[in-house]
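Everything on this sheet refers to the single structure shown next.
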Amino acid sequence: MVLCHPSGASLGAALAEAAVTSAREAGATVTLHDLYRDGFDPRLAATEVGTPTFADPIAERYADDLLVADAVVVVHPVWFFGPPAALKGWVERVVREGVAFDVGPGGRVTGRLRARQALVVTTGNAGAATEAALGDPVTRFWRDVVFGPAGVLETRRLALAPVRGGSDDERRGWLASVEGEVATLVRSLEAYLGSHRAER
């Protein structure tokens, strides 16, 4: 579970908490990476460029956890039709070549992640029609640029908007939606892992 929001009192933080609780109640073991609370440095260091090494232990721990995860859930606000800078830095430092994927002869990309499913939960104020008119850049970023090349076969997005001026009932509905999506993800994961254990 990756959370990126500067405020611990935000809707995003509440959504991440609901997701963690739902996953654990469904029987999953959850590791939470809260980029702001953990003090993650999003800046790619010169020593990391073109290498699989890490400039600090937080980024290395994040990568180690990501590589063994069976699924990934990301929660973030949409700012300027993309993820926050801190989360973009997480992608650049953690989900990078030599860590989450390899590039072989002819530019062939091979993913290294064990996870086969990802759920991206976003909060924003632009409606679905506005994002669609721009080509749905947030979904395409996570599905086609980040998780797809790293080996994740299915990336789903739950876009909650507009959140500005949202009522308490709407907030409860969004929390319930996240809980349901995560519970479904865990059940799907259990079925997938169970079938592969049976094959072996």
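From the Cα gyration tensor of the stretch 111-166, with a ≥ b ≥ c the square roots of its eigenvalues, which class applies: rounded if a/c is under 1.5, or else prolate if a/b is larger than b/c, or else oblate? Can you show the working numbers first?
Values: a/c = 3.89, a/b = 2.04, b/c = 1.90.
Prolate is the answer for the stretch 111-166, as a/c is 1.5 or above and a/b outweighs b/c.
Placing a pseudo-label 7 Å from each Cα along the Cα-to-Cβ vector at Val68 and Thr53 gives an inter-label distance of 2.4 nm. Projected onto its three principal axes, the C-alpha set of the stretch 1-111 covers 43, 30, 28 Å, listed from the longest axis down.
Grab the DSSP H runs of the chain that are 4 residues or longer, score each as -39,500 (n - 2.57), total them, divide by all residues and round the 222 nm result to the nearest 500 deg cm²/dmol. Intermediate values should be presented prior to the final figure.
Values: 7 runs with 83 residues, N = 200.
After summing the helix terms and dividing by residue count, I get -13000 deg cm²/dmol.
The share of accessible area on the stretch 1-141 that comes from carbon and sulfur is 56 percent, using a 1.4 angstrom probe.
Could you please report the charge total around Glu154, scoring K, R as +1 and D, E as -1 over all other residues with beta-carbon less than 12 angstrom from its beta-carbon?
Values: positive: Arg116, Arg143, Arg156, Arg157; negative: none.
Charge balance in the 12 Å sphere: +4.
Counting charges near Ala23 (Lys, Arg +1; Asp, Glu -1) among other residues having Cβ under 13 Å from its Cβ returns a value of -4. So if R0 is 25 Å, what FRET efficiency would Thr130 and Asp169 give, r being the distance between their Cβ atoms, rounded to the nearest 0.05? Computed FRET efficiency for Thr130 and Asp169 comes out at 0.60. For the chain, a simple Cβ point-charge model (Lys and Arg +1, Asp and Glu -1, everything else neutral) yields a dipole of about 320 debye relative to the Cα centre.
Based on Cα contacts under 8 Å between residues 6+ apart, the stretch 81-184 shows a relative contact order of 30 percent. Average accessible surface for the chain: 51 Å² per residue, computed with a 1.4 Å probe over protein heavy atoms with every protein chain in place.
Which shape class, rounded, prolate or oblate, goes with the stretch 78-194 when its Cα gyration tensor gives a ≥ b ≥ c as root eigenvalues, a/c under 1.5 marks rounded, and past that a/b bigger than b/c marks prolate?
Values: a/c = 2.44, a/b = 1.43, b/c = 1.71.
Oblate, since a/c reaches 1.5 and b/c is not below a/b.
Estimated at the nearest 10 Å², the accessible area of Phe40 is 20 Å² with a 1.4 Å probe.
The values are calculated or read from the model by the stated rules, or taken from the named source; none is laboratory data. What you see is a predicted model, and the numbers here were worked out from it, not measured in a lab. As a convention, Cβ positions derive from the backbone with ideal geometry for all residues, glycine included, and neighbour counts pool all protein chains shown. Protein only, heavy atoms only, side chains kept; ligands, DNA and RNA dropped before computing areas. Shrake-Rupley method; radii C 1.70, N 1.55, O 1.52, S 1.80 Å.
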